[in-house]
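Below you'll find the structure, written out as C-alpha cells, and then a few comments.
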Amino acid sequence: MEATWFLDFNNYISKMDFSLSAPLLELQAQTRRFIAEQVIPLENDARQSSHGPDEALRRELVERARSAGLLTPHASIEMGGLGLSHIAKAIVFEEAGYSWLGPTALNIHAPDEGNIHLMEEVASQEQKERWLRPQVQGHTRSCFAMTEPDGAGADPTMLTTTARLDGDAYVINGTKWFITGADGADYAIVMARMEDGSATMFLTDMRKPGITLERSMDAMDRCFTGGHGVLRFQDLPIPVGDVLGEVGKGFRYAQVRLAPARLTHCMRWLGQARRAHDLAVAYAARRHAFGKPLGEHEGVGFMLADNDMDLQTARLHILHTAWLLDQGQKCNFESSRAKVICSEAQWRVVDRCVQILGGQGVTAETAVMRIFTDMRAFRIYDGPSEVHRWSMARKILSAVGSAK
C-alpha cells in the first residue's frame, strides 16, 4: 500500500518549499519569452488541420526550441535533456502550455512526454539508443497503443489485443483506437495480453508490415501532432529483443507511465487556462456596458475572482504532487486527486472566460474558443474523473478497514 496518500497534509506542509531558485526563475522567464516571441506568432500558421500541426510545422517549432536551449527539458541530461525535477517541470510546462503549440515546440507534448519518461525508466540501453535518443533530439515521434474500441481504456485489464510467442518473435493481433499521434509516429509502444492473462509492452517501428492506420478520428481537440488514430495489428511480428522491460509486467509499467503523465497534463493545461483568463481579464477591463467597465459588474468580477481561485488551487495541487514525486513517492492517489481537481478547475476557468467574452468567446476572434474545444477532453484523457474518484474511494475505504 502506498505510504503517502492517507497521511495528514500537515505532516508535509512544514517541509515543502515551493520557492523558486534563481536558475529556475530564469528558466521560467526564458520559456515565457520563447512562447511569446517564437511560438504564439505561429498559432495561425496554415500548416495545421483538425488533426494537429503537420510535420513541417512541428519540425520548425522544434528547431526554434533547440536554438533557444529548451528542447525536451524533462529528459535526462544523459539523453540530451535538461534533467528537470518534477517541480521544475511544473513551472516550465505551465509556461509552455500558454500556447497550444508550446508543448509541441518543447517536445513535451502527449504522448511523447509520457513515453520518454517510460523509456527512461524501463528500456534497455540498446532500446534507448535506437528509439529514445532520436526522440529526445526531436527527430522522431511516438505513440502509446493501449486504448481499444471494445476493450482497454480507463480499465487497462480489459485488453483484447493479443501477443503469442512464435519462435524468436511475438505475433501481435488486435485493434487500438484513439491513439494520439499515430499518424506519422516513428515508433509505438504496444500493450498486449499474453496467453496467461498478463500484459506486456512491446516496441515496434511504425512502418513495419502488419500495422495499418485505418483512419484518423475527428475529435474536439486539434492540438496534438498526428491527431488520434485507429490502428490495426495483423500478425505483426515483434522480436523478443523488442519487449519493453519484462514480459508480463505491462500493467505495472502502465502505472509508471500514467501517474506522472496525469500530472504533466495538469501542468500544460494550466498554461492554457491562464491564457484564457488573461484574455478575459483584459476584455473585462476595456469593454464597457451599462456605463462602466464590464469587470466592475459583480457578475463578471465574481467570475474573474473564481478563476483566480481555481487557477491557484490547481497550481498548488500540481506543486504538492510534484514535490512528493521528487521525494520518491509513488503518488498514484495524489496524481488521481490532482488530475480530477485540475481538469475540472481548469475547465471551469475556460468556461467562465467564454461567458465573459460573450460573442468574442464563441468565435475564433480570440484564442479562448480554441482553448475551450481543446480542453474539454482533458476530463477524459488518462482516465475520466469518475474513474479516478472511484479509485480514490476504494483506497480511502481500504485505509479505514486496515486501521481497524
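Pairs meeting the criteria (first residue in segment 377-390 and in contact (Cβ under 8 Å) with a residue 24 or more places away in the chain, second residue of a type in the set (Ser, Thr, Tyr), beta carbons under 6 Å, at least 6 apart or on different chains) are Phe378/Ser343; Arg379/Ser343; Arg379/Ser385; His388/Ser336. Of the residues making up segment 78-91, those that are more than 13 Å from Gln30 (Cβ to Cβ) and either not in a loop (DSSP other than H, G, I, E, B) or not assigned by TED's automatic domain parsing to the domain that holds Phe34 (or both) number 4. Of everything in segment 286-315 that is polar (S, T, N, Q) and touching a helix residue (DSSP H, G or I) at 6+ places or on another chain (Cβ under 6 Å), the residue that is farthest from Lys339 (Cα to Cα) is Asn307.
Is it the case that Ile318 is modelled with pLDDT under 95 and out of contact with any strand residue (DSSP E or B) (no Cβ under 8 Å at 6 or more places or on another chain)?
Working: modelled with pLDDT under 95: no; out of contact with any strand residue (DSSP E or B) (no Cβ under 8 Å at 6 or more places or on another chain): yes.
Here the answer is no, as Ile318 does not meet what is asked.
Of the residues making up segment 369-380, those that are closer than 10 Å to Gln272 by Cβ and of a type in the set (A, V, I, L, M, F, W, C) are Ile371, Phe372, Met375, Phe378.
Across segment 175-190, the qualifying residues are those that are touching a Phe, Trp or Tyr at 6+ places or on another chain (Cβ under 8 Å) and not in a loop (DSSP other than H, G, I, E, B), and the one among them that is farthest from Pro149 (Cα to Cα) is Tyr187.
Only one of the listed residues (Gln312, Gln346, Gln329) is in a helix (DSSP H, G or I) and in contact (Cβ under 8 Å) with a residue 24 or more places away in the chain. That residue is Gln346. Of the residues making up segment 354-371, those that are hydrophobic (A, V, I, L, M, F, W, C) and either within 25 Å of the chain's Cα centre (by Cα) or outside any helix (DSSP H, G or I) (or both) are Val354, Val362, Ala364, Ala367, Val368, Met369, Ile371.
Within segment 226-235, is there a residue that is of a type in the set (D, E, K, R), more than 16 Å from Thr161 (Cα to Cα) and within 25 Å of the chain's Cα centre (by Cα)? Step through it out loud before you land on a result.
First, pick out the residues of segment 226-235 that are of a type in the set (D, E, K, R): 232, 235.
From what's left, more than 16 Å from Thr161 (Cα to Cα): none.
Scanning segment 226-235, I find no residue that is of a type in the set (D, E, K, R), more than 16 Å from Thr161 (Cα to Cα) and within 25 Å of the chain's Cα centre (by Cα), so the answer is no.
Being assigned to a helix (DSSP H, G or I), closer than 20 Å to Leu324 by Cα and touching a Gly at 6+ places or on another chain (Cβ under 8 Å) is true of Glu94.
The values are calculated or read from the model by the stated rules, or taken from the named source; none is laboratory data. Nothing here was measured: the structure is a model prediction, and the numbers come from that model. Here Cβ is always computed from backbone atoms with ideal geometry, including for glycine, and neighbour counts include all displayed protein chains.
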